[in-house]
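So the structure is just underneath, and the comments pick up after that.
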Amino acid sequence: MKKTTLTLLIALITFSCFSQSFPKKQTLIPLSNVNGVPFYKEQDMNDWVIDGFEIDNDGTFYFLGGDKVDCLAVFSGTKQIVRKTYKEWPGRQLYFYKNNLYTFGGEKKNQNLIKVLNPSTGLIIKTYCNIPDKHIDQYFFTDSSIIIGAMGDTAMWYERYSLSGKFIGKSPNEYGVPSFIIPENGKFSSCEFLGKWNDNYVFWGNSDLNAPHQLYLVDNKGKILAKRIIPKGLTGKGYFEESDEDRKVRNGSFFVLGRKGNDALITEIPLASFFGK
């Protein structure tokens, strides 16, 4: 009985269930800067923040955050397998590519460093500083590159760099995809590129301010092959500013990092069943 109660209190629960006629898997891990998912609270809004979230090819979860120190925490399901703290700020977003973790940023203002982390230990194994030290408003990891963007005199500009920081060329937008591929472009709509699945593009967004969020499946000609509403409340409460880092397409599934009480809630929805393919 005591063992059961303790398990419930620390909320290490993984379960599979069916909702709205499609399967999902959800995992709860405590939010903790000692032995759980590292986080901090945004002071002005008193809202929770987890800086980095990623999933590797084996379904392992990676989290980057922390209150007084930056920390990388790695979980296989609900079991922590790596925990590494850093004296120097390693970056924010996480990106897994070819058995390495990548992050971007620097301790100093406009210090644009790409850092490569060993996912098995969290150690920083390489640092690339080829990207010019200029102000950057946003960045996005995609394929084997990073796209950076900033506001110019009249509009945003975007550039693509390799994961070693070498300039590749201009980018049409923050995602590096043709503009006609993006399914929602209205004044009050939003659309966020999550990744590719079966050579098609997967987007998350809505058609208007109060419209429900959907997933869109779009081919390389811009045709919407499928779209489906995500039931409200399915993925838990969001974090500060609903960062796009919290939503990713990996391993044929849509992953969302949310929150349920004092726990991080990771929801995995297989795209094949979600889109009915």
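One table, with the values for the structure above:
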read-out	value
Given (1) assigned to a strand (DSSP E or B); (2) surrounded by fewer than 18 Cβ atoms within 10 Å (Cβ to Cβ); (3) among the aromatic types (Phe, Trp, Tyr), number of the condition Tyr102 does not satisfy	(2)
Matching residues, the range 165-185, being in a loop (DSSP other than H, G, I, E, B), closer than 25 Å to Tyr128 by Cβ and open to solvent by less than 30 Å² (accessible area, probe 1.4 Å)	Gly165, Ser171, Asn173, Tyr175, Gly176, Val177
Near pairs, Cβ below 6 angstrom, 6+ apart or cross-chain, from the range 241-265 (outside any strand (DSSP E or B)) to any residue that is open to solvent by less than 10 Å² (accessible area, probe 1.4 Å) and among the aliphatic types (A, V, I, L, M)	Asp246/Leu257; Gly252/Leu271
Subset of the range 231-243 [surrounded by fewer than 19 Cβ atoms within 10 Å (Cβ to Cβ) and more than 21 Å from Phe275 (Cα to Cα)]	Lys237, Gly238, Phe240, Glu241, Glu242, Ser243
Some residue of the range 82-98 being of a type in the set (Lys, Arg), farther than 20 Å from Lys126 by Cα and surrounded by fewer than 17 Cβ atoms within 10 Å (Cβ to Cβ)	no
Number of positions in the range 1-58 that are over 20 Å from Gly122 (Cα atoms), touching a Gly at 6+ places or on another chain (Cβ under 7 Å), modelled with pLDDT of 85 or more and open to solvent by 20 Å² or more (accessible area, probe 1.4 Å)	1
Hey, Ile181 over 30 Å from Val69 (Cβ atoms) and of a type outside the set (Ser, Thr, Tyr) or not	yes
Residues of the range 67-76 that turn out to be under 21 Å from Lys248 (Cα atoms) and either surrounded by fewer than 20 Cβ atoms within 10 Å (Cβ to Cβ) or polar (S, T, N, Q) (or both), as a count	1
Answer residue from the range 121-156, given it is under 21 Å from the mean Cα position of the chain (by Cα) and part of a loop (DSSP other than H, G, I, E, B) and is surrounded by the most Cβ atoms within 10 Å (Cβ to Cβ) among those	Gly122
Count of the range 84-102 residues which are of a type outside the set (Asp, Glu) and over 19 Å from the mean Cα position of the chain (by Cα)	4
Checklist (1) free of Cβ contacts under 8 Å to residues at least 24 places away in the same chain; (2) touching an Asp or Glu at 6+ places or on another chain (Cβ under 9 Å); (3) hydroxyl-bearing (Ser, Thr, Tyr) applied to Thr127, failing item	(2)
Any pair with Cβ under 6 angstrom, 6 or more apart, that starts in the range 198-210 at a residue that is over 17 Å from Ser253 (Cβ atoms) and ends at one that is open to solvent by 10 Å² or more (accessible area, probe 1.4 Å) and in a loop (DSSP other than H, G, I, E, B)	Gly205/Glu184; Asn206/His213; Ser207/Glu184; Ser207/Ser189; Asp208/Phe188; Leu209/Phe188
First in the range 29-54 and within 18 Å of Tyr95 (Cα to Cα) and free of Cβ contacts under 8 Å to residues at least 60 places away in the same chain, second anywhere and of a type in the set (Phe, Trp, Tyr) and buried (at least 23 other Cβ atoms within 10 Å of the Cβ), Cβ under 7 Å, 6 or more apart	Pro38/Phe63
Condition met for Lys79 (among the basic types (Lys, Arg) and surrounded by fewer than 16 Cβ atoms within 10 Å (Cβ to Cβ))	yes
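Every residue, every condition in (1) in contact with a Phe, Trp or Tyr (Cβ under 9 Å, 6 or more places away or on another chain); (2) of a type in the set (Gly, Ala, Ser); (3) more than 18 Å from Tyr239 (Cβ to Cβ); (4) not in a strand (DSSP E or B), yes or no:
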{"position": "Ala73", "(1), (2), (3), (4)": "yes, yes, no, no"}
{"position": "Arg83", "(1), (2), (3), (4)": "no, no, yes, no"}
{"position": "Glu88", "(1), (2), (3), (4)": "no, no, yes, yes"}
{"position": "Pro119", "(1), (2), (3), (4)": "yes, no, yes, yes"}
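The values are calculated or read from the model by the stated rules, or taken from the named source; none is laboratory data. Worth saying up front: this structure is predicted, and the values here are computed from it rather than measured. Note: ideal-geometry Cβ built from the backbone for every residue, glycine included; neighbour counts use all protein chains shown. Remember, those area values only see protein heavy atoms, side chains included, never the ligands or the DNA or RNA. Shrake-Rupley method; radii C 1.70, N 1.55, O 1.52, S 1.80 Å.
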